[in-house]
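**Q** Quick one: structure below, then a few questions.
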Amino acid sequence: MGSAGISQSQNLRRRAISAGTWSLVALVASQVIRLGGNLVMARLLMPEMFGIMVIATTVAVVLGLLSDIGLRQNIIQSKRGDDPVFLNTAWTVQILRGLVLFFLSLCLAGLVWAAQVAGMWPVDSTYNAPLLPLVLAVTSVTAIISGFGSTKVAVAFRTFQQKKLVTIEIAAQFIGLLLMFGIGYFTRSIWALVAAGLVSALVSTALGHLWIGGVSNRLQWDVSALKELVRFGRWMLLSSAVGVLAMQGDRILFGGSMSAAELGVYSIAVLMLGAFETGVQRLVGAVALPAFSEAVRADDPVRLRNLYYRFRLILDVLLLFACGFLLIASPLIVGWLYDARYAGAGHMLAILSLSLFTLRFTLAHQVWLALGLTKYQAMDNLIRFFSLWTLLPLLLFIGGADYAVWGVALYSLPTLFLVVSINRRLSLLSVKRELLVLPVLGVGAIVGFFLTYLFS
């Protein structure tokens, strides 16, 4: 490798380390705000309100990802990612998508209300909660707000400007948190949660336009840019569509088989694990994808392979330890943080923590995206979809929600066959590396056992 190549590699490393540092700051701050807010609100609100909010959030996420064509990922990955014409076309598509999502959400809220009036839902199910249709309608406004989000955010990810992105994220969450506390304290109503989400989205969108440097967006429709967006996004659309039905399928199915209070307790377990999982995924997306993409654009497979193994080692140690630890210590942790109304979340969290074993392979998805191999991600999510929607209804029928939670924890295991196959083809598979990290799982379990023994 020449001096120019060495310098380029070192520069990438410095920027990746800086981006990773700021992403870690965002991760910690974001989850502290999120979990701290949940701990406070759990004492102000009834579990039923969290159950209703789970459905509203799930609907927003499902509709969003059912229409996701990977605009941000395309901007990060594409050679035209800094072209104003390309960015403006992507922004125009994003706005149209937001308006469509808003309309669909309103229609869905109306259908839920009509089904309630007609008595189509089980009496004790979350879908029969009187407030659900109105909450769905109000939260749909978020789709419009997010649709106007600046493409400068995606460009900032592309160029490792994580410092500004972190500041925007924390500011938006903190303002939403203050509003939520205020409304929650005086009203003790679900509207505290709804208002916080809307205001956070508004602040994030505004700051993305005003505070990040770059060319401001305007409405534009370029055919060549649109063709590239569609070409990249067609597999992303399929991937997102089946992926969201896989990832959110538990809440969709449990909404009809659990009461709002039961779903609220389940949501605590999902929130605690999800905060960790989301943080890891966001960190990987913010650091790994830009680094992998730059190595691909430089046509340097050796650098790509080395980057992959370095990131994998960090993920393996972190996630295997967390999996072992939470498998043992989850009831203790939930008991420390929440009152007796949410005690059942401890057992659920312990079971759900098994999903961390497969989460570490999510890094392969970032490599596939960087290489433009979005069809493999679509195939991965197809496997998840069929696995979940086969396993969960069966377990619900056999033993109810208690059995189905195991399905939520383990449904992603079949995807490992695809990951192993594709990574072997890409020369990104080392059996020795996979085996050497497994003892970390036992270390986490031992630490969890001693902590439980000392404090229970």
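All of the numbers you see were taken from the coordinates with simple rules; none came from a lab. Predicted, not measured: the structure shown is a model, and the values here were computed from it. As a convention, Cβ positions derive from the backbone with ideal geometry for all residues, glycine included, and neighbour counts pool all protein chains shown.
**Q** Assuming R0 = 22 Å, can you tell me the calculated FRET efficiency for the pair W113 and V61, based on Cβ-Cβ distance, to the nearest 0.05?
**A** The formula returns an efficiency of 0.60 here.
**Q** Here's something else I'd like to know. Answer rounded, prolate or oblate for the chain, using the Cα gyration tensor with square roots of eigenvalues a ≥ b ≥ c: rounded when a/c is under 1.5, else prolate when a/b is larger than b/c, else oblate.
**A** Verdict is oblate for the chain.
**Q** Can you give the relative contact order of the chain as a percent, counting alpha carbon pairs under 8 Å and 6+ residues apart?
**A** The value is 22 percent.
**Q** Something else about it: If you take the charge dipole of the chain about its Cα centre, with +1 on Lys and Arg Cβ and -1 on Asp and Glu Cβ, which of A445, S78, L96 is farthest toward its positive end?
**A** S78
**Q** Is region 259-456 best put as rounded, prolate or oblate by its Cα gyration tensor, with a ≥ b ≥ c the root eigenvalues, rounded for a/c under 1.5, and otherwise prolate when a/b is larger than b/c, oblate when not?
**A** Cα axes put region 259-456 in the prolate bin.
**Q** Sort out for me the Cα centre separation of region 408-447 from region 287-340, rounded to whole Å.
**A** A separation of 12 Å, based on Cα centres.
**Q** At a 10 angstrom cut-off on C-beta neighbours, averaged per residue, how do the peptides 263-275, 395-407 rank from highest to lowest?
**A** So the order, starting with the most tightly packed, is 263-275, 395-407.
**Q** Below 8 Å, C-alpha to C-alpha, sequence gap of six or more: please give me the relative contact order for region 273-390 in percent.
**A** Computed over region 273-390, the figure is 33 percent.
**Q** Could I ask something else about it? Got a sec? How would H365, H347 order by Cβ neighbour count within 10 Å, fewest to most?
**A** By the 10 Å Cβ count, ascending: H347, H365.
**Q** For the chain, what number of Lys pairs, 8 or more residues apart or on separate chains, have alpha-carbon atoms under 26 Å from each other?
**A** 9
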